[in-house]
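Step one of this worksheet: look at the structure below.
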Amino acid sequence: MGYKLTIGTRSSKLAIWQANYIRDELLKLSKHTGLLLPEIVLKEIKTKGDHITDVALSKIGDKGLFTREIEDALLAKEIDLAVHSLKDLPTKLPDGLKLGAVLKREKPHDVLIVGRSVACNASTFVTLPAKSKIGTSSLRRIAQLKALRNDLEYLDLRGNLDTRIRKLEEGSYDAIILAYAGVKRLGLEDKITEHFNPKDILPAVGQGALAIEIRQDDKNIENIVSKLNHNETYLASMAERAFLEILQGGCQVPIGAYSEIKDGQIILYGLVASLDGKKNIKDKNTGNLKINECKLVGENLAKTLLQMGAKEILQEIFIEMPNRGVSMGV
């Protein structure tokens, strides 16, 4: 490991916040357990998704948009661990890498932020005037929101969180949709005008959770970061990721999932939607809180949705957007 422990991260304000959060958690761990750690430093790495900012994510057609270059640095031993938003991390990791920990999840739901242009008359999604311009980079959000209101104009919104809010304030959009976790982490909760129920507008797989990725053969780092793992979040995320892996849709196909844990069981809600929002295949599955059973909950829910009509939806998306790489996975 050397005299420094190097954390790899994207360079956005939110990514740096997340990497510093992991750093602080490691320092707390060292203080409370007596674990000896070297100096902890951050290494900022630009990813393909960071470089391409003028094209909709749905049109780039590449998995690992925000992770691959960081993973390459991890494999090359330029960094000791990588911090990701779990929702950005593909379900299949490169050979030689593994998940070292998933930290306690922030609330995973999406939120609405309404701009000044309509704020006087509307603060919620249902009260927005017809033809309002809604900014989001997520086909998952668009498909679900179109099912509720197709009289609004949904526009692509790229850039880091600060940039997105600035574009809203400049009047490029009437409202924007963001993940609550990022808004909270940057201290911008006061801008939120509505919280969406995650059972109504299903979030992205892993949304709200932070993941630590490590090398498979680095037992030293594994022993350290495993102490930060939050077991309930880990089990929930494994169910959601197993669901997505069967569907093989990637983060830019209208697929949503939301896990909750109640009375010693996991309840997984899943969705596959058509791009126009006219078809929404949705169901849930339950199981016990054991890693293999949580994975089965996700796999079986995905298979159920495929039988309910999701297979045809995904095939249609593949024809319309062949760079999505959609596969049935079963």
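Of all residues in the stretch 201-217, none satisfies the criterion of being within 14 Å of the chain's Cα centre (by Cα) and among the basic types (K, R).
Quick one: which residue in N197, N160 is among the polar types (S, T, N, Q), under 21 Å from the mean Cα position of the chain (by Cα) and within 29 Å of K48 (Cα to Cα)? Please lay out each step first, then the result.
Working: N197 fails: within 29 Å of K48 (Cα to Cα).
Of the residues listed, the single one that is among the polar types (S, T, N, Q), under 21 Å from the mean Cα position of the chain (by Cα) and within 29 Å of K48 (Cα to Cα) is N160.
Working carefully through the options L305, L244, L296, L268, find the one that is within 18 Å of P198 (Cα to Cα) and in a helix (DSSP H, G or I). Walk me through how you get there before you give the answer.
Numbers: L305 fails: within 18 Å of P198 (Cα to Cα); L296 fails: within 18 Å of P198 (Cα to Cα); L268 fails: in a helix (DSSP H, G or I).
Criteria check complete, one pass: L244.
Taking every residue in the stretch 13-29 that is outside the structural domain of I212 (by TED's automatic domain parsing) and pairing it with any residue that is assigned to a helix (DSSP H, G or I) and at pLDDT below 95, at least 6 positions away or on another chain, yields no pair with a Cβ-Cβ distance below 6 Å. Would the stretch 81-96 turn up any residue that is surrounded by fewer than 22 Cβ atoms within 10 Å (Cβ to Cβ), aliphatic (A, V, I, L, M) and assigned by TED's automatic domain parsing to the domain that holds I317? Within the stretch 81-96, one or more residues are surrounded by fewer than 22 Cβ atoms within 10 Å (Cβ to Cβ), aliphatic (A, V, I, L, M) and assigned by TED's automatic domain parsing to the domain that holds I317. It is to be established whether one or more residues within the stretch 211-224 are surrounded by 24 or more Cβ atoms within 10 Å (Cβ to Cβ) and small (G, A, S). Scanning the stretch 211-224 turns up at least one residue that is surrounded by 24 or more Cβ atoms within 10 Å (Cβ to Cβ) and small (G, A, S). The set of residues in the stretch 72-88 that are within 30 Å of L202 (Cα to Cα), among the charged types (D, E, K, R) and out of contact with any Ser or Thr (no Cβ under 8 Å at 6 or more places or on another chain) contains only K87.
Apart from one condition, K199 fits all of (1) outside any loop (DSSP other than H, G, I, E, B); (2) surrounded by fewer than 16 Cβ atoms within 10 Å (Cβ to Cβ); the exception is (1).
Picking from residues in the stretch 29-54 that are at pLDDT below 80 and not in a loop (DSSP other than H, G, I, E, B), the one that is surrounded by the fewest Cβ atoms within 10 Å (Cβ to Cβ) is H51.
Number of residues in the stretch 125-152 that are over 17 Å from the mean Cα position of the chain (by Cα), of a type in the set (S, T, Y) and under 19 Å from K167 (Cα atoms): the value is 1. Checking each residue in the stretch 183-233 for being acidic (D, E) and closer than 16 Å to R23 by Cα picks out E213, E222. Among the residues of the stretch 77-91, not a single one is within 23 Å of the chain's Cα centre (by Cα), without any contact (Cβ under 8 Å) to a residue 24 or more places away in the chain and assigned to a loop (DSSP other than H, G, I, E, B).
Is it fair to say N220 is without any contact (Cβ under 8 Å) to a residue 60 or more places away in the chain, in a helix (DSSP H, G or I), closer than 26 Å to L97 by Cβ and over 15 Å from the mean Cα position of the chain (by Cα)? Step through it out loud before you land on a result.
Values: without any contact (Cβ under 8 Å) to a residue 60 or more places away in the chain: no; in a helix (DSSP H, G or I): yes; closer than 26 Å to L97 by Cβ: yes; over 15 Å from the mean Cα position of the chain (by Cα): yes.
No, not satisfied.
Of all the residues in the stretch 155-185, those that are buried (at least 22 other Cβ atoms within 10 Å of the Cβ) and of a type in the set (S, T, Y) number 1. In the stretch 122-141, which residues are charged (D, E, K, R) and either within 9 Å of L152 (Cβ to Cβ) or out of contact with any Pro (no Cβ under 7 Å at 6 or more places or on another chain) (or both)? Result: K131, K133, R141. In this structure, A211 does not qualify as of a type in the set (A, V, I, L, M, F, W, C), part of a helix (DSSP H, G or I) and outside the structural domain of L128 (by TED's automatic domain parsing).
The values are calculated or read from the model by the stated rules, or taken from the named source; none is laboratory data. All figures in this text were calculated on a predicted structure; none of them were measured in a lab. Note: ideal-geometry Cβ built from the backbone for every residue, glycine included; neighbour counts use all protein chains shown.
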